[in-house]
Amino acid sequence: MTYSDYRKVFKQLKAKPTKMQKYIKHNAPKARKYGRSTKKCRRCGRPGGHIGKYGLAVCRSCFREIATSLGFKKYN
Ligand SMILES: [Zn+2]
């Protein structure tokens, strides 16, 4: 399943408050307890390539950038 933020349309709907209420009512995604949409990178917000190990909660590309400062060492 692909990921898209439903709030992107809010910019257009700000001028029409009643339509916005209707949009939120029918298009807001279900609040989930687990799954892909609950895990986002805490640094950039990317939903894919998530690393949750050791409580990192960052995506793979952010991990590459901050790994050395966290104390990870790349062998070979
Ligand atoms: Zn990230």
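Quick notes on this structure:
- Calculated P(r) tail over 16 Å for the chain, as whole % of Cα pairs: 62
- Excluding same-chain neighbours fewer than eight residues apart, the lysines reachable from Lys16 by a Cα-Cα span under 25 Å are Lys8, Lys25, Lys30.
- The simple spin-label model puts a point 7 Å past each Cα toward its Cβ; for Arg7 and Asn27 those points are separated by 1.4 nm.
- Full extension of the segment from Thr18 to Arg36, taken as 0.36 nm per residue of separation minus the current Cα-Cα distance, would add 3.4 nm.
- Solvent exposure of the chain amounts to 92 Å² per residue of accessible area, where only protein heavy atoms count and the probe is 1.4 Å.
- Carbon-plus-sulfur accessible fraction, the chain (probe radius 1.4 Å, protein heavy atoms only): 53%.
- Candidates per chymotrypsin sites (Phe, Trp or Tyr not before Pro) in the chain, loop by DSSP, up to 13 other Cβ within 10 Å: Tyr3, Tyr34, Phe72, Tyr75
The values are calculated or read from the model by the stated rules, or taken from the named source; none is laboratory data. On a predicted model such as this, the values are computed, not experimentally measured, just so you know. Because the Cβ atoms are built from the backbone with ideal geometry, glycine has one as well, and the counts that use them run over all protein chains shown. To get the accessible areas, we keep the full protein, side chains included, count just its heavy atoms, and leave off ligands, DNA and RNA. Shrake-Rupley method; radii C 1.70, N 1.55, O 1.52, S 1.80 Å.
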